[in-house]
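To start, the structure under review is shown below, and the notes come after it.
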Amino acid sequence: MTNMTIQHHLTDDLLMGYAAGTLPEAFSLVVATHLSLCDDCRARSEAYDALGGSLLGALETAELAEDSLQATLRRIAAGPPSERPRKSGALFPAPLQDYVGGDLAAVRWRPVGMGVRQAILRTDRNATARLLYIPAGAAVPDHSHRGRELTLVLQGAFRDEDGRFGPGDIEIADEAVQHTPTAEAGLPCICLAATDAPLRFRSLIPRLAQPFFRI
Amino acid sequence: MTAPISETKPTVQPATDDIDWSAVLLQVRDTRDNAAFAALFRHFAPRVKAFLMKSGADATLAEECAQDVMATLWHKAHLYDPARASVATWIFTIARNRRIDALRRARRPEPEDLTWGPDHEPDQADILAQRQDSARLGAALTQLPPKQRELIEQAYFGDRTHTEIAAATGLPLGTIKSRIRLALDRLRHELK
């Protein structure tokens, strides 16, 4: 399920944060979903895992409890923890399915105006992950950010001041970016987005609506 | 897996740096060899525990998680691919995920599993290349100036974002990022 036409990739600091395990859960979800689609970034990500492995291998050792090995063997004898089998769908890679509970049909959309819909996914509170549905040709209201925003395209494409983003592409926007993404004609644009601070919309009405829609 | 570890079985004990841990783990995978597991345990469990303590776990929690990580190593041995990662790297990823679960109480989204087909047996040349790359990365890390190495360690072990490291060290965020980038560039250069 990889895509050879991806033009917009993850940055080193996101890949390193993902490998180190320090990103907010919502960001990790976007990263893991992109890695499922992009072999280049997956290879880079595994290089950062290798760096973690080298650091771990070089650590000064801590003293173990006296019966540590025997206790571990008892854990092993108790059997492996049960794991839910993972599924990948027609559109959503496995990590996203884990959070949605299925593919596109399982998403519980809420309208946010002008035909745009969203679904908030449950993650820790350090950031927010959500799916966005933008009808073909429609614009997401003009907004800027207090923090970082990652937007991964799953279907369709959008354009903004930074270029064109198609399936598998990831846009990384920070506080400086003021953008108006517009979905291309054709398919509706479906994106997975994460923000570590609420979006700031420029026009009055979406801002009033923000507390209700949590965007 | 109820049999106790047999101490009579001779285990090879050269300098631990030279042990091919991949081969030891494959032995655990293929023959469920207790002695091989005990050797892995003695080498890696104290490091996993140290990693968790550096990340803010107290000794009790770190001990518990380290045991869990090593048990996971046994249960998931069939998923280990020696052409893709060193044993240290693989254990690091298990320990990191356990830490996110235990210390941050968050889930860890993982990418889609790569499917190799039922008969995938990695190429010996790829396994060797992985070992050499890992050894060179380890050597390159020891060559880093201490300050750069510390920042990288903090980024991985301190469970801190770059912003938090900046707050703790009093260095501006831009400086932290550029120093980490410098360290990574050095590592890449060493690996060319």
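Just so it is clear, none of the values below were taken in a lab; they were calculated from the coordinates. What you are looking at is a predicted structure, and each value in this text was computed from that prediction instead of being measured. Here the Cβ positions follow ideal geometry from the backbone for every residue, glycine too, while neighbour counts run over all protein chains shown.
What is the Cα centroid distance between the stretch B:62-96 and the stretch B:125-192, reported in whole angstrom? That distance is 22 Å. For the protein assembly as shown, the 222 nm mean residue ellipticity estimated from helices alone, with every DSSP H stretch of n ≥ 4 adding -39500 (n - 2.57) and the total spread over all residues, rounds to -15000 deg cm²/dmol.
Seen against the Cα atoms of chain B and their longest principal axis, helix B:87-99 is set at about 70 degrees.
As a length-normalised measure over Cα pairs under 8 Å and 6 or more apart, the relative contact order of the stretch B:145-192 settles at 39 percent.
For the options A:Gly57, A:Gly21, A:Gly147, a Gaussian network treatment of chain A with springs between C-alpha atoms closer than 10 Å singles out A:Gly57 as fluctuating the most. Relative to the longest principal axis of the Cα atoms of chain A, the long axis of helix A:68-77 makes an angle of roughly 60 degrees. GNM on chain A, alpha-carbon springs under 10 angstrom: the most fluctuating residue among A:Asp160, A:Asp39, A:Asp67 is A:Asp67.
Listed by chain and number, the lysines whose alpha-carbon sits under 19 Å from that of B:Lys177, ignoring those within fewer than 8 places in the same chain, are B:Lys147. Helix B:21-31 and the longest principal axis of the Cα set of chain B meet at an angle near 40°.
Excluding same-chain neighbours fewer than eight residues apart, no lysines are reachable from B:Lys76 by a Cα-Cα span under 16 Å. Under a model in which nothing but the beta-carbon of Lys, Arg (+1) and Asp, Glu (-1) is charged, the protein assembly as shown shows a dipole of about 1200 debye around its Cα centre.
Spin-label model, B:Asp101/A:Glu60: points 7 Å from Cα along the beta carbon direction are separated by 2.9 nm. Neighbour counts of C-beta atoms inside 10 Å place B:Leu182, A:Leu23, A:Leu131 in the sequence B:Leu182, A:Leu131, A:Leu23, starting with the fewest.
Each Lys and Arg Cβ is given +1 and each Asp and Glu Cβ -1; about its Cα centre, the stretch A:7-215 then shows a dipole of about 1160 debye. Comparing B:Arg105, B:Arg32, B:Arg136, which has the greatest mean-square fluctuation in the GNM of chain B with Cα pairs linked when under 10 Å apart? Result for chain B, Cα springs under 10 Å: B:Arg105 fluctuates most.
For the pair B:Asp185 and A:Arg164, what calculated FRET efficiency results from E = 1/(1 + (r/R0)^6), where r is the Cβ-Cβ distance and R0 = 35 Å, to the nearest 0.05? Walk me through the numbers before you get to the answer.
Numbers: r = 30 Å, r/R0 = 0.86.
The pair A:Arg164/B:Asp185 has a calculated efficiency of 0.70.
Under the convention that each Lys and Arg Cβ holds +1 and each Asp and Glu Cβ holds -1, the size of the dipole of the stretch A:1-116 around its Cα centre is about 700 debye.
When we measure straight from the Cα of B:Lys192, which aspartates and glutamates land under 16 angstrom away, once same-chain ones fewer than 8 places off are left out? Correct list for B:Lys192: B:Asp133. For the stretch A:7-215, the relative contact order comes to 21 percent (Cα pairs under 8 Å, sequence separation of at least 6).
Here the gap between B:Lys192 and B:Gln132, fully extended at 0.36 nm per residue and compared with their Cα-Cα distance, gives a gain of 20.4 nm.
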